[in-house]
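One structure is given below, encoded as structure tokens.
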Amino acid sequence: MFKLLFKLGKWEITNYLPNTIKKCVIVGAPHTSNWDFVYGIGALQVMKLRTRFTIKKEWMRFPFKRIMNSLGALPIDRSAIKTGEKRGSVDAIADLFTTRDELCLLVTPEGTRAKMKKWRTGFYYIALKAKVPIALGFVDYKKRTCGIDKIIYPTGDFKADMKLVMDFYKTITPKNPQNFSVDLEFA
């Protein structure tokens, strides 16, 4: 179905994710329209890339469990490992990479279709802690292309690495440009 959608709409899919990369964090941006989800998920399916996303473990109960599993949801348990110890989402999500041979985790750092001048940066820390690359996924409405176009290996130099991410997304034209901004701190 997605191949037909892309063919009829004269869209191209780019995939610069080498077959040798079995684990990565995929950034999904820009996120200004519900169509971004359709094109983005469609491109990932055409690329035969099984992506997953995280969700609170509480959503993985009846009646949602079957639906969430079929969509690729991974439940996150943020409860303490030891009594009195806090466990954040970054640690819980990074731990998912240690228990799997393959994991391509989709993250939308804007978090909303409204304009956000500050991105959530957990995706960076997850990749750094899990020692996996960051794949930059995109939907460009001007060029009618979508897919994965760049791979970044986090170095630990947060500002320099985030600048690379923002420099990439500055070149992408979203469906609703008035609703998109790269993180201005790193632009």
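Inside region 11-36, residues that are surrounded by fewer than 17 Cβ atoms within 10 Å (Cβ to Cβ) and farther than 22 Å from ASP167 by Cα make up a count of 6.
The residue pairs whose first member lies in region 53-65 and is under 20 Å from ILE126 (Cβ atoms), whose second member is among the acidic types (Asp, Glu), and whose beta carbons are closer than 7 Å, counting only pairs six or more residues apart or on different chains, are LYS57/ASP77.
Results for (1) at pLDDT below 80; (2) closer than 29 Å to GLN178 by Cβ, shown as yes or no for each residue.
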site: THR32; (1), (2): no, yes
site: LEU71; (1), (2): yes, no
site: VAL90; (1), (2): no, no
site: LEU96; (1), (2): no, no
site: PRO109; (1), (2): no, yes
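In region 94-114, the count of residues that are assigned to a loop (DSSP other than H, G, I, E, B), touching a residue at least 60 places away in the same chain (Cβ under 8 Å), out of contact with any helix residue (DSSP H, G or I) (no Cβ under 9 Å at 6 or more places or on another chain) and more than 26 Å from ASP36 (Cα to Cα) is one or more.
Give the number of residues within region 148-166 that are out of contact with any helix residue (DSSP H, G or I) (no Cβ under 9 Å at 6 or more places or on another chain) and without any contact (Cβ under 8 Å) to a residue 12 or more places away in the chain. Quick ask: steps written out before the conclusion?
Pass one, region 148-166, residues out of contact with any helix residue (DSSP H, G or I) (no Cβ under 9 Å at 6 or more places or on another chain): 151, 157, 159-160, 163-164, 166.
From what's left, without any contact (Cβ under 8 Å) to a residue 12 or more places away in the chain: 157, 160.
Result for region 148-166: 2.
The values are calculated or read from the model by the stated rules, or taken from the named source; none is laboratory data. These numbers come from a predicted model, not from an experiment. Note that each Cβ is placed from the backbone with ideal geometry, even for glycine, and that neighbours are counted across all protein chains shown.
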